[in-house]
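Take a look at the following structure, please.
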Amino acid sequence: MNLKVKLVLWYFFTSLILLLFFSIGTYLGMRHLLLITLDDELIEKEAEIISSYNVNTKSFEAINHRYYVETELSNFYIVLFNKQNQPIFNTKIADAATFSLPALSKVRTDTSFTAEVKFGKEFYLTNNDNNEAVFRFSGKRILVNGESFGYILIGHSFERLYESMDKLLNVLLFSIGIATLLILILSYFLTGRSLKPVDNLIYQAQKISHRNLAERLDVENPNDEIGRLTNVLNDLLSRLQNAFDKEQEFMADAAHELKTPLTVLRAHWEDELSNKNLPDDFKEKLVKDIETITRLSKLINNLMLLSNTEYHQIRAEFEKIDLSEIINEVVGNTKILAEIKNQTMNIVQLTPLFIDGDKIKIYQLLFNIIDNAIKYTPENGKIIISLKKEENKAAIEIRDNGIGIPEEDLPNILRRFYRVHKDRSKKYGGNGLGLAIVKLITDIHNGEILVESNPDKGTSFIIKLPTSH
């Protein structure tokens with residue numbers, strides 16, 4: 001799971017939890033507020049009825065008005081008790097309800113409570129099969145001129161409150177659904193915008209290699225976290241470039257310093273070989289020393305080539321060249337090496353193809369691969385070479401039946417100084433630069449290398465180069 005998905009999920013679930021808490025709080029708060037409003041309404045009706053008491057008629061005028069009772073009080077459960085605790089007035093709801101009054105009317109306490117009321121027949125205030133409804137009640141003592149007159153119990157169904165709460169719940173659920181979708185979309189969008197500088201940083205960093213270490217990452221805002229990270233990476237790139245430059249400079253200087261004395265030494269010993277007074281055994285030692293100097297010179301030349309490449313100083317003189325001609329030339333020059341090991345080297349297909357390239361470097365590319373094939377193919381082995389056209393590319397295949405390359409080593413064989421086994425390198429020679437140079441020359445010509453190998457069965461190198469138009 002990448003960072004963007006993690007951040008989207010964090011934003012989403014955090015916002016969703018906060019939204020749920022807010023919705024639950026809103027629901028419970030509104031329920032409590034509606035309950036308080038209902039209690040206030042009951043208390044207001046109590047006060048309205050009690051205040052309507054007429055001392056002269058010794059009755060409550062509010063309940064004597066039929067219209068008022070049938071309209072204003074029609075939805076209320078009201079029972080009025082006298083001093084003897086006998087009901088003297090009931091609303092229609094109170095008459096229809098089966099309800100065991102608590103002992104509150106006897107102790108004459110002012111209180112509020114919730115109770116379930118059952119109706120004997122289907123009633124408009126019920127919405128269930130049991131003909132039951134939940135009521136909120138308020139009880140209050142009635143005092144007239146400071147003396148106890150009786151007790152009033154007034155109640156109202158919760159149905160209206162339940163309807164309001166159901167509507168609120170539906171609104172909240174719908175809002176949560178819409179908000180959840182919006183949160184998910186906004187989280188994805190905002191996370192993408194927040195991580196865009198990181199994506200830009202990754203894109204720029206991926207383009208930086210050893211060939212363009214001088215480039216630096218763009219710093220959009222040096223004061224934020226991304227800006228500070230970019231500055232740290234730029235400092236790291238500067239240190240890497242400095243170390244890399246020193247390494248390449250040392251390699252180039254060392255190669256130049258060694259090349260001249262080795263050339264002088266080789267020329268001197270080759271002159272000594274013409275001295276007839278030297279013993280034969282000493283001449284044999286000189287020949288071995290000259291061979292060693294030759295290998296060292298070859299290594300130095302390869303190091304200089306790679307060093308110049310890192311400094312972008314490699315010179316490639318491109319021209320239209322005939323690949324079949326270069327293949328014939330390389331095979332002719334290396335055939336003597338194959339014959340020493342009784343190897344057969346055959347060109348099975350040679351399609352005339354032209355490319356735009358550097359003739360000397362293409363020669364070196366082919367020579368290095370064929371030289372490797374000769375080294376790692378046993379005596380009486382076979383080396384097969386072919387050149388054919390594949391789409392708009394020239395495909396050169398060099399196949400042998402030599403010792404092969406282990407599968408785990410195939411991804412690394414084109415790296416410089418990489419050798420499959422040290423004992424193998426000692427036995428067959430080599431310094432790990434030949435195939436690295438092959439890769440370098442192929443890249444210069446915008447080509448590609450494919451390597452297939454089976455241990456003890458052989459190896460196949462396929463070089464594909466763009467053909468000339």
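In the neighborhood of residue 36, defined by Cβ-to-Cβ distances under 13 Å, what is the net charge if each Lys or Arg adds +1 and each Asp or Glu adds -1?
Values: positive: 31, 136; negative: 39, 40, 41, 44.
Its environment carries a net charge of -2.
Can you give me the angle between helix 434-444 and the longest principal axis of the chain, using Cα atoms only, in degrees from 0 to 90, rounded to the nearest 10?
Rounded to the nearest ten degrees, it is 70.
Also, I was wondering about something else. Take every Cα pair under 8 Å in the range 308-406 that's 6+ residues apart, average their separations, divide by the length, and report that relative contact order as a whole percent.
Relative contact order for the range 308-406 comes out at 30 percent.
Can you give me the % of accessible surface on the chain that is carbon or sulfur? Probe 1.4 Å, all protein chains present, nothing else counted.
Working: 15650 of 28490 Å².
Carbon and sulfur together cover 55 percent of it.
While we're on this one: For the range 130-264, what does the alpha-carbon gyration tensor say about shape, rounded, prolate or oblate, given a ≥ b ≥ c as the root eigenvalues, a/c under 1.5 as rounded, and a/b over b/c as prolate?
prolate
If ligands, DNA and RNA are left out, what is the accessible area of residue 32 with a 1.4 Å probe, given in Å² to the nearest 10?
Roughly 110 Å² of residue 32 is accessible to a 1.4 Å probe.
Viscosity 0.890 mPa s, temperature 25 °C: give me the Stokes-Einstein translational D for the range 349-399 in µm²/s, with Rh taken as the Kirkwood radius over C-alpha pairs.
200 µm²/s
Rounded to the nearest 20 Debye, what is the dipole magnitude of the chain about its Cα centre when Lys and Arg each give +1 and Asp and Glu each give -1 at the C-beta?
560 debye
Given N residues in the range 332-378, what is Rg(Cα) / (2.2 N^0.38 Å)?
Output field value: 1.30.
Setting aside same-chain residues fewer than 8 positions from residue 196, which lysines have a Cα under 26 Å from its Cα?
Result set, ordered by chain and number: 4, 6, 207.
How big is the accessible area of residue 30 in square angstrom, nearest 10, if you roll a 1.4 angstrom probe over the protein chains?
Roughly 70 Å² of residue 30 is accessible to a 1.4 Å probe.
Moving to a separate point now. Determine the relative contact order of the range 1-106: mean sequence separation of Cα pairs under 8 Å and six or more apart, normalised by residue count, in whole percent.
11 percent
Could you pull out every one of the aspartates and glutamates with an alpha carbon less than 17 Å from that of residue 167, ignoring same-chain neighbours closer than 8 positions?
The qualifying aspartates and glutamates are 159.
Semi-axes of the equivalent ellipsoid of the range 155-194: what are they in whole Å, largest first, if each equals the square root of 5 times a C-alpha gyration tensor eigenvalue? Write down the numbers at each step before the final one.
Numbers: eigenvalues 287, 8, 3 Å².
Working through the eigenvalues yields semi-axes of 38, 6, 4 Å.
Which value, in nm² and rounded to one decimal, describes the direction-averaged projected area of the C-alpha convex hull of the chain?
Mean orientational projected area (the chain, Cα hull): 45.7 nm².
For the chain, what relative contact order do you get, as a whole percent, if you take Cα pairs closer than 8 Å and at least 6 residues apart?
9 percent
Using amide H atoms built 1.01 Å from N in the peptide plane, name the residues 5+ places from residue 149, or on other chains, whose amide H lies under 5 Å from its own.
Here 142, 143, 144 satisfy the definition.
Return the subset of 341/382; 320/361; 335/359; 283/375 for which the Cα-Cα distance in this structure is over 22 Å, preserving the input order.
Listed pairs above 22 Å: 283/375.
What range in the chain is the longest one free of GluC sites (Glu not before Pro) that are in a loop by DSSP and have at most 16 other Cβ atoms within 10 angstrom?
Answer - 221-316.
Can you list the lysines whose alpha carbon sits under 22 Å from that of residue 276, skipping same-chain ones fewer than 8 residues off?
285, 288
Right, here's the next one. Please report the net charge: other residues with Cβ closer than 11 Å to the Cβ of residue 46, K and R +1, D and E -1.
That works out to -3.
Let me know the Kirkwood hydrodynamic radius for the range 191-262, please, with Cα pairs as the basis and the value in Å to one decimal.
14.3 Å
The values are calculated or read from the model by the stated rules, or taken from the named source; none is laboratory data. No experiment lies behind these values; they were computed from the predicted model shown. Neighbour counts run over all protein chains shown; Cβ positions are idealised from the backbone, glycine included. Surface accessibility is based on the protein's heavy atoms, side chains included, excluding ligands, DNA and RNA. Shrake-Rupley method; radii C 1.70, N 1.55, O 1.52, S 1.80 Å.
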